[in-house]
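The values are calculated or read from the model by the stated rules, or taken from the named source; none is laboratory data. Please read these numbers as outputs of a predicted model, since none were measured by experiment. Glycine also receives a Cβ, built like all others from the backbone with ideal geometry; neighbour counts cover every protein chain displayed.
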């Protein structure tokens, strides 16, 4: 009789827990666009690594970094794929945000120009229209950086137009609505393979700064849900291991997420990006400092901050 009562009490207690289990909300991640920089996330999803580490994830793809950041500020997502200048600007506006996971160690972007225009250098872009994803996005900021480095004024000598994701940017180039673009993979490989454009600047080769689509998070969420945050980080680190060690599996997952892309283009893009994918998800002090210096120089950040201020403890080297 006592054993029966114990079993009944245990079952009743478990039943009381069910509403809380059912009410558990997934951790939401906002991506600025769908791109190969987020392969660690796609791999972790497809391989069941988030579930393996005990966390449920909901990935939301926006139309550029500005839109993704708006979702984060509104509290619609807990993690956002954004880095500088947002992480440097938002605290002054009362937004709680710090760097959480580095998907890449450099930026696998390229400044490309329409092939029919035979653009050979950044200086040749004077008077031209350059397509980016959205105002304030990494594509826009990097375009401004290289334009300024060439001796041109990004506010007077060129026109930056925001057109959305990679597909929209390719469309702007093909329709001649844009003369050049700051673009990411696999769309760079698509543009080159299909003779839409040629590469003017390979950003990863020229600039040891920024981290493409880094994930940022709030201190409040880290304090409230440390286990969920740790689970997300560890799942993504495991996904990076798959990305570097199992090229066949990584390519198959890329095919699923970019089903309209030529498999050979995806393979070439992943090979090009292998050198920039992070190994451990952490941000180096040198990269963060260089990134901030550039952001201040471009007047998109008023000042630099200490490494400890902008990088979450779990993501420090």
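Computed quantities for the displayed model
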quantity: Scope the stretch 280-302; condition outside any helix (DSSP H, G or I) and in contact (Cβ under 8 Å) with a residue 40 or more places away in the chain; matching residues; calculated: 280, 281, 282, 283, 284, 298, 300, 301, 302
quantity: Test: residue in the stretch 136-157 that is in contact with a strand residue (DSSP E or B) (Cβ under 8 Å, 6 or more places away or on another chain) and over 30 Å from residue 282 (Cα atoms); calculated: yes
quantity: Residues of the stretch 127-145 satisfying the condition of being farther than 21 Å from residue 89 by Cβ and touching a helix residue (DSSP H, G or I) at 6+ places or on another chain (Cβ under 9 Å); calculated: 128, 129, 130, 131
quantity: Residue 73 over 25 Å from residue 285 (Cα atoms), in the same structural domain as residue 247 (by TED's automatic domain parsing) and without any contact (Cβ under 8 Å) to a residue 40 or more places away in the chain; calculated: yes
quantity: Answer residue from the stretch 219-263, given it is at pLDDT 95 or above and assigned to a loop (DSSP other than H, G, I, E, B) and is surrounded by the fewest Cβ atoms within 10 Å (Cβ to Cβ) among those; calculated: 246
quantity: Test: residue in the stretch 137-160 that is under 23 Å from residue 268 (Cα atoms) and assigned to a loop (DSSP other than H, G, I, E, B); calculated: no
quantity: Unmet requirement for residue 275, which otherwise passes all of (1) over 27 Å from residue 89 (Cβ atoms); (2) modelled with pLDDT of 95 or more; (3) not in a strand (DSSP E or B); calculated: (2)
quantity: Residue count for the stretch 126-135, restricted to those that are surrounded by fewer than 19 Cβ atoms within 10 Å (Cβ to Cβ), touching a strand residue (DSSP E or B) at 6+ places or on another chain (Cβ under 7 Å) and assigned to a loop (DSSP other than H, G, I, E, B); calculated: 2
quantity: Candidates 191, 181, 204 - the one that is surrounded by 22 or more Cβ atoms within 10 Å (Cβ to Cβ), in a helix (DSSP H, G or I) and in contact (Cβ under 8 Å) with a residue 60 or more places away in the chain; calculated: 191
quantity: Lone qualifier among 81, 92, 123 - being out of contact with any helix residue (DSSP H, G or I) (no Cβ under 8 Å at 6 or more places or on another chain) and either at pLDDT 95 or above or buried (at least 22 other Cβ atoms within 10 Å of the Cβ) (or both); calculated: 123
